[in-house]
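All of the numbers you see were taken from the coordinates with simple rules; none came from a lab. Just so we're clear, the structure is a prediction, and the values are computed from it rather than from any experiment. Note: ideal-geometry Cβ built from the backbone for every residue, glycine included; neighbour counts use all protein chains shown.
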Amino acid sequence: MFKYIFLIVGCILIFGCSDIESSIGGSLNGTWIETEFKTDTIEFDDQSAYLWLYRGTELVNNEYLPVAGSGPYDYKIQGDSIYINAAWSSLFRNKAYYFKKEENILIIGNFYDTTLNKALLNFERAE
């Protein structure tokens with residue numbers, strides 16, 4: 001009985017992941033750099049349900065701390081939307097943002113506070 005359950009779960013995981021990859025044109029795995037100022041990066045790991053946003057550090061009360069918005073976000077991609085949930089906040093729940101992958105470019109809705117004041121941000125895959 002248990003081996004059938006494991007078989008079914010395994011198939012769902014394998015085919016579910018390949019469906020996501022094919023719907024967005026391949027894997028997101030790796031580091032993506034914001035193209036205008038090149039200070040913010042997003043990191044995807046195919047083995048994780050989280051993306052990591054790195055925004056650098058800033059000096060606060062004589063200590064270097066991560067810039068606001070940095071950290072892990074869980075996400076789900078459906079069609080041309082990415083649903084993002086900040087892992088550290090119960091107030092930031094599953095909001096939909098535009099999402100499109102074109103070759104080595106990600107176009108994603110501005111889900112964090114940036115100095116760009118743009119609705120859409122472009123990220124380029126790091127080499």
_Loop-resident sites, the range 34-104, for trypsin sites (Lys or Arg not before Pro), counting at most 16 other Cβ within 10 Å (DSSP)_ = 38, 93
*Return the lysines within reach of residue 38: Cα separation strictly under 22 angstrom, same-chain partners fewer than 8 residues apart disregarded; answer none if there are no such residues.*
100, 101, 118
*Around residue 53, what is the net charge, scoring Lys/Arg as +1 and Asp/Glu as -1 over all other residues with Cβ under 15 Å from its Cβ?*
-4
*Which order results if 27, 81 are arranged by neighbouring Cβ count within 10 Å, fewest first?*
27, 81
*Do any chymotrypsin sites (Phe, Trp or Tyr not before Pro) in the range 65-127 lie in a loop, going by DSSP, with at most 15 other beta-carbon atoms within 10 Å of their beta carbon, and if so which?*
88, 92
*In the neighborhood of residue 69, defined by Cβ-to-Cβ distances under 11 Å, what is the net charge if each Lys or Arg adds +1 and each Asp or Glu adds -1?*
-1
_Estimated FRET transfer efficiency when R0 is 22 angstrom, pair residue 63-residue 38 (beta carbons, to 0.05)_ = 0.35
*Based on other C-beta atoms within 10 Å, arrange 64, 50 from fewest to most.*
64, 50
